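Computed from the coordinates by the stated procedures, all read-outs in this text should not be read as laboratory data. Note that this is a predicted model, so its numbers are computed, not measured. Cβ: placed from backbone, ideal geometry, glycine included. Neighbour counts: every protein chain shown.
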Amino acid sequence: MSNHRQPARTPLRSRAERRRGVHKRKPGRWRSKFSRFINAYGVDRLALGLAIDPSAVYHWIRGTTAPIRTRAAIIQRLARESGVKLTLDEIYQHSRDLPPVTRIEGSHASQAMTPHRIATNGARAPAK
C-alpha cells in the first residue's frame, strides 16, 4: 500500500456559478421575504422548477425584472410546499423596494430594462 494521499477535492459548483463566476452578493437584495425564500430554496432548483434559466432569477433579485404572474403563482406553490407562505405582494414588493438600477453591467447591456421597457412590459423602443 502506498502512503500517497489524494488531494482534497474542491466542492462542485453549479452550472450557473461556472458560467457567471462567483460574485459577492449585495446584502440589500437578499433581505426581502421573496429573496430569502430564493436563497433557502436555491436559485438553480427554483429555475429548474420554473423551466427558466437561472439568470432570470438573478434579474428578479437585482430588481431589473419581476416574474410574470403565472411564474409568481408557481413560486407561491413551491414556497408553500417548502413550508413558506409567500404572497404575490411579497414577491412583487421585492423589486419595488430596491433602488432603481442605474448602471448596466455585463454583456447584456443592450437587453437592459430601460424606463421605456419597464413601462411597456419589456417592449423595445420604436425605431426612429
Fill in the blank from the handout: Output ordering of 47-53, 88-94 (per-residue mean of other Cβ within 10 Å, highest first) is 88-94, 47-53
Practice task
Excluding Pro67 itself, calculate the net charge of residues whose Cβ lies under 14 Å from the Cβ of Pro67, where each Lys or Arg counts +1 and each Asp or Glu counts -1.
Solution key: +2
Handout entry: Summed side-chain charge close to Tyr41 - residues other than Tyr41 whose Cβ falls under 13 Å, Lys, Arg +1, Asp, Glu -1
Key = +3
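Let me make sure I get this right: for the stretch 29-97, a, b and c are the square roots of the gyration tensor eigenvalues over alpha carbons, sorted descending. Under 1.5 in a/c it's rounded, otherwise prolate if a/b > b/c, else oblate. Which is it?
Judged from the Cα gyration tensor, the stretch 29-97 comes out rounded (a/c under 1.5).
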Fill in the blank from the handout: With a Förster distance of 22 angstrom and the Cβ-Cβ distance between Asp44 and Ala73, calculated FRET efficiency to the nearest 0.05 equals 0.60
